[in-house]
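The values are calculated or read from the model by the stated rules, or taken from the named source; none is laboratory data. As the structure is a computational prediction, the values presented were derived from the model and not from experiment. All Cβ positions, even for glycine, are placed from backbone atoms using ideal geometry, and neighbour counts span all protein chains on display. Protein only, heavy atoms only, side chains kept; ligands, DNA and RNA dropped before computing areas. Shrake-Rupley method; radii C 1.70, N 1.55, O 1.52, S 1.80 Å.
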Amino acid sequence: MTQLALIIDLNVCVGCSACVTSCKEWNTSGPAGPLSDRNPYDADPTGTFFNRVQTFEVGEFPQTETVHFPKSCLHCEDPPCVPVCPTGASYKRKEDGIVLVDYDKCIGCKYCSWACPYGAREIDEQQKVMKKCTLCVDRIYSTTLPEADRRPSCVMACPTSARLFGDIHDPDSVVSRAIRENGGYALMPEWGTQPANHYLPRRKTSITIHKDQLVRADNPLKIDGKLPKPAKQEPTLDDVTSW
Amino acid sequence: MRPAFSVIFLTTLIGAGQGLFLALYTGQLYAFFDLLPAQDSRSFYAAGSAVSLAFLGGGLIASFFHLGHPERAWRSAAQWRTSWLSREVIVLPAFMGMVLLYGGAHWFGWNTPLFELPGGRHVDPTLILGAVATLLCFMLFVCTAMIYACLRFLQEWHTPLTVINYTLLGGASGFVLASAFSAIAAPQLPGFYAGWAIILTALAFLGRTASLVRNARLRPKSSTRTAIGIKHPHIVQKSPGAMGGSFNTREFFHGKSRAFMRAIKPAFLLTVFVIPLTLLAMGMANPSMLGAALLSATFILQYLGLLAERWFFFAEAKHPQNLYYQCVS
Ligand code: SF4
Ligand code: SF4
């Protein structure tokens, strides 16, 4: 079985919100209709989003760290939002584990949003139906987009590659390896929802450098940085083997 | 959570309607066993069923205001295997249909005995229809309450007390209504119904107090630490990812002050339990007082109190998603 998911690396997310805007751009322009906004260019703008980046400050001054935290539907493997839906508009796809809402069936009762502990669902106040991340189901299976673009919009937009996309049930996928090797974790594990999306924690990267490693011990000229510079017509440095 | 008025009216109106039906049928059963004088089919049972239907219908209409797409409401009967909401959508009209049949049977005098019980009591169609309706009535209480009680991370609701209290509060309100109704339609009965109303109101008081005490001692299972997965004692949210708020900041916060929340609790405890109990007890002690005026006033006061009680029921529940929107609360 396949379970598609996003892995979000909190170690590299810089909180630029590129994923938010590209998500909104793609999903508001699709055949499913817009993600409506109210007062978009005015005071108190508000609207429907699939994905939001929140910011938390961890620790006490001066030992603080700013953590940017992208948040969207986690496509839970045991999604509590699905069985409560009275119409069957909310469903989880067998073939790839994506949790979707059928906008033509949804009656806008909001019960599923009560049943999601993560607050991942938002009602569209104009269309009056429940909306949430679709994992860009219309991109990843597209037959018209170039092969390289068949990935969720947010993943493509992320300038730091903080977002990985793949099948977490395939042990050799990039995402499974990232979870395994970088301590990927699920949100609110206490509710047993088994979110498919995972987060990678902040990691400290450090190496130890000894003094002698700063000097090139095998440099015979002992003038590191002042190497002979050949003229344009002469052979390049790489061809000179004498030094 | 933000209490939705459509749902507050739905649950309180159908509660009163269900309770009233139970009261009518209880009266009929007592009469069946010769414990109470028999009542007129039309002016008591049929008219009472009509009043009950009016409350149930009012609740049904209120529920439509909760939906974004009321015209698609028929779809919501689809997932009865998994969804309590879907089950309620089926059981409510079924119960209303049975009450209609029950009232209709009384109105048209369908009381040809079907069979005889040992002891020479004749069972007629109204008794059978009433029994089926009673079963549906209790199913409806369970469905309505389970919509809330089944959400495990809304810890304030996730308890059998939710089901017990919906049933007892609906019953209490319905029996008070029945006593007021009988003051007009069946002058021998107000004392009987007022007695039951006292018992049910007292039981509901115990159940509701138990849930208030339980909820006051709840420890939330989720914290900011589990919500974002960072194990640090000091985490402060700086931005919720929206400037002018979002669905998440509107739907899950009641937006009232702490003082308001503190005040509404004694307010509904007084109006739902203490004052009605006092009025009913005074009426029981001095039967000449058990008139339509006092009993209707008791019902209306208790109903208003129930609106506050239901408001508090919703507002009290703290959704774990609020952990992601701490700059709002
Ligand atoms: S994150 Fe919420 S909306 Fe998404 S699958 Fe899980 S419970 Fe459902
Ligand atoms: S809002 Fe729509 S998707 Fe959610 S439970 Fe109601 S009908 Fe189902």
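Each residue in region A:104-127 was checked for being of a type in the set (A, V, I, L, M, F, W, C) and within 8 Å of ligand 1 (Cβ to nearest atom), and 4 pass. The condition (being within 12 Å of chain B (Cβ to nearest Cβ), over 20 Å from B:Ile228 (Cα atoms) and either within 16 Å of ligand 2 (Cβ to nearest atom) or surrounded by 17 or more Cβ atoms within 10 Å (Cβ to Cβ) (or both)) is satisfied by just one residue among A:Cys19, A:Cys109: A:Cys109.
Here A:Phe56 fulfils each of the conditions (1) open to solvent by 10 Å² or more (accessible area, probe 1.4 Å); (2) within 25 Å of the chain's Cα centre (by Cα); (3) hydrophobic (A, V, I, L, M, F, W, C); (4) more than 15 Å from ligand 1 (Cβ to nearest atom) apart from (1). The set of residues in region A:123-135 that are more than 8 Å from ligand 2 (Cβ to nearest atom) and open to solvent by 10 Å² or more (accessible area, probe 1.4 Å) comprises A:Glu125, A:Gln126, A:Gln127, A:Lys128, A:Cys133, A:Thr134. A count restricted to region B:41-80 and to residues that are surrounded by 15 or more Cβ atoms within 10 Å (Cβ to Cβ) and outside any helix (DSSP H, G or I) stands at 7. Residues of region B:141-156 that are in contact with a Ser or Thr (Cβ under 9 Å, 6 or more places away or on another chain) and aliphatic (A, V, I, L, M): B:Val142, B:Ala145, B:Met146, B:Ile147, B:Ala149. In summary, A:Pro117 fulfils each of the numbered conditions (1) out of contact with any helix residue (DSSP H, G or I) (no Cβ under 7 Å at 6 or more places or on another chain); (2) away from ligand 2 (no atom under 12 Å from the Cβ); (3) in contact (Cβ under 8 Å) with a residue 60 or more places away in the chain; (4) on the phi < 0 side of the Ramachandran plot with the single exception of condition (1). With respect to being of a type in the set (A, V, I, L, M, F, W, C) and either within 14 Å of chain A (Cβ to nearest Cβ) or over 22 Å from B:Gly170 (Cβ atoms) (or both), B:Leu85 fits the description. Mind listing whichever residues of region B:288-324 are touching a Gly at 6+ places or on another chain (Cβ under 6 Å) and in contact (Cβ under 8 Å) with a residue 24 or more places away in the chain? Listed by number, the residues that qualify are B:Leu290, B:Gln321, B:Tyr324. For region B:37-79, the set of residues classified as within 21 Å of the chain's Cα centre (by Cα) and either of a type in the set (Phe, Trp, Tyr) or within 16 Å of ligand 1 (Cβ to nearest atom) (or both) consists of B:Phe55, B:Phe64, B:Phe65, listed by residue number.
Here is a yes/no grid of residues against (1) modelled with pLDDT of 95 or more; (2) of a type outside the set (Val, Ile, Thr); (3) touching an Asp or Glu at 6+ places or on another chain (Cβ under 7 Å); (4) within 16 Å of ligand 1 (Cβ to nearest atom):
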residue: A:Asn27; (1), (2), (3), (4): yes, yes, no, yes
residue: A:Pro31; (1), (2), (3), (4): no, yes, no, no
residue: A:Asp37; (1), (2), (3), (4): no, yes, no, no
residue: A:Phe61; (1), (2), (3), (4): no, yes, no, no
residue: A:Leu74; (1), (2), (3), (4): yes, yes, no, yes
residue: A:Ala89; (1), (2), (3), (4): yes, yes, yes, yes
residue: A:Asp102; (1), (2), (3), (4): yes, yes, no, yes
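Keeping to region B:259-273, report how many residues are more than 18 Å from B:Thr12 (Cβ to Cβ) and either touching a residue at least 40 places away in the same chain (Cβ under 8 Å) or touching a strand residue (DSSP E or B) at 6+ places or on another chain (Cβ under 7 Å) (or both). Counting residues in region B:259-273 that are more than 18 Å from B:Thr12 (Cβ to Cβ) and either touching a residue at least 40 places away in the same chain (Cβ under 8 Å) or touching a strand residue (DSSP E or B) at 6+ places or on another chain (Cβ under 7 Å) (or both) gives 1. Among the residues of region B:81-104, those identified as without any contact (Cβ under 8 Å) to a residue 12 or more places away in the chain and either part of a helix (DSSP H, G or I) or among the aliphatic types (A, V, I, L, M) (or both) are B:Ser86, B:Gly97. Restricting attention to region A:59-81 and to residues that are open to solvent by 30 Å² or more (accessible area, probe 1.4 Å), touching a residue at least 24 places away in the same chain (Cβ under 8 Å) and at the interface with another protein chain (Cβ under 10 Å from one of its Cβ atoms), the residue that is nearest to A:Pro117 (Cα to Cα) turns out to be A:His68.
Pairs meeting the criteria (first residue in region A:92-111 and more than 16 Å from A:His75 (Cβ to Cβ), second residue in a loop (DSSP other than H, G, I, E, B) and within 11 Å of ligand 1 (Cβ to nearest atom), beta carbons under 7 Å, at least 6 apart or on different chains) are A:Tyr111/A:Val84; A:Tyr111/A:Cys85.
Once region A:162-187 is narrowed to residues that are assigned to a loop (DSSP other than H, G, I, E, B), away from chain B (no Cβ under 14 Å) and not small (Gly, Ala, Ser), the residue that is nearest to A:Leu6 (Cα to Cα) is A:Ile168. All told, A:Pro40 meets the bar of being farther than 18 Å from A:Ala157 by Cβ, away from ligand 2 (no atom under 16 Å from the Cβ), more than 9 Å from chain B (Cβ to nearest Cβ) and without any contact (Cβ under 8 Å) to a residue 40 or more places away in the chain. Any chance you could count how many residues in region B:20-40 are in a helix (DSSP H, G or I) and over 17 Å from B:Gly174 (Cβ atoms)? Number of matching residues: 2. Considering (1) open to solvent by 10 Å² or more (accessible area, probe 1.4 Å); (2) within 25 Å of the chain's Cα centre (by Cα); (3) more than 21 Å from B:Ala4 (Cα to Cα), the lone condition that B:Cys327 does not fulfil carries the number (2).
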